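The values are calculated or read from the model by the stated rules, or taken from the named source; none is laboratory data. Predicted model, so just to flag it, every value in this text is computed and none were measured. Virtual Cβ from ideal backbone geometry, glycine too; neighbours counted across all protein chains shown. These area figures cover heavy atoms from the full protein model, side chains too; ligands, DNA and RNA do not enter into them. Shrake-Rupley method; radii C 1.70, N 1.55, O 1.52, S 1.80 Å.
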Amino acid sequence: MVDPAEHEVLANLEAKTNKPSPFFRAMAHRPEALKNFVPLYGAVMGPGAVDRRIKELVYLTCSYANECAFCTATHVAGGKKAGITYEELQALQTEQDHSFAPNERAAILYARELTQSASGDETRDALFEHFNDEQVVEITLVAALANFTNRFNNGLTILPQE
């Protein structure tokens, strides 16, 4: 892992969160990637056309499907802040999606299909019943970002810190 004292972007990120991040420390081996990842993440996961709860449901759906311990741990906390209950987290993890609102369920099913097959052919139309073009693109970006970080973390065995 990269020492934050040797990397300005990493040092600034960890100063903001007040704790070390194994994800950022690993990515800091490619300084330009880390420098550009942070604004991309903010553009996708920050305020937009889709509410925070849907974004967290999508991110968690992908992370559970990919069995990414780091992203799951990180986004469970964010999901709870967005109003996702323990029971809903369990439902996502076990693919028992029937209790979610129709728009949430459409986003969850799309994210799961996109994760498992790299295609949304079976579920995309249902997504458009609840979301406009901008929102569908945003949901797709969230799923793509989750799959990127899941694979980065799983590939490098980056685990949540105790």
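Looking at (1) in a helix (DSSP H, G or I); (2) touching a Pro at 6+ places or on another chain (Cβ under 7 Å); (3) not hydroxyl-bearing (S, T, Y), which is the one condition that is false for H130?
Of the numbered conditions (1) in a helix (DSSP H, G or I); (2) touching a Pro at 6+ places or on another chain (Cβ under 7 Å); (3) not hydroxyl-bearing (S, T, Y), the odd one out for H130 is (1).
Residue by residue through segment 84-95, note down the ones that are open to solvent by less than 40 Å² (accessible area, probe 1.4 Å) and in a loop (DSSP other than H, G, I, E, B).
Within segment 84-95, just I84 meets the criteria.
State whether the residues of segment 20-39 include one that is part of a loop (DSSP other than H, G, I, E, B) and farther than 30 Å from T140 by Cβ.
Yes, because at least one residue in segment 20-39 is part of a loop (DSSP other than H, G, I, E, B) and farther than 30 Å from T140 by Cβ.
Kindly indicate the residue of segment 96-121 that is surrounded by 13 or more Cβ atoms within 10 Å (Cβ to Cβ) and assigned to a loop (DSSP other than H, G, I, E, B) and also modelled with the lowest pLDDT among those meeting that condition.
Selected residue: G120.
Do you know which of the residues in segment 137-162 that are open to solvent by 80 Å² or more (accessible area, probe 1.4 Å) and among the charged types (D, E, K, R) is nearest to the chain's Cα centre (by Cα)?
R151
Filter segment 8-58 for residues that are open to solvent by 50 Å² or more (accessible area, probe 1.4 Å) and within 23 Å of L127 (Cα to Cα); which is nearest to the chain's Cα centre (by Cα)?
Applying the filter and picking the extreme gives Y41.
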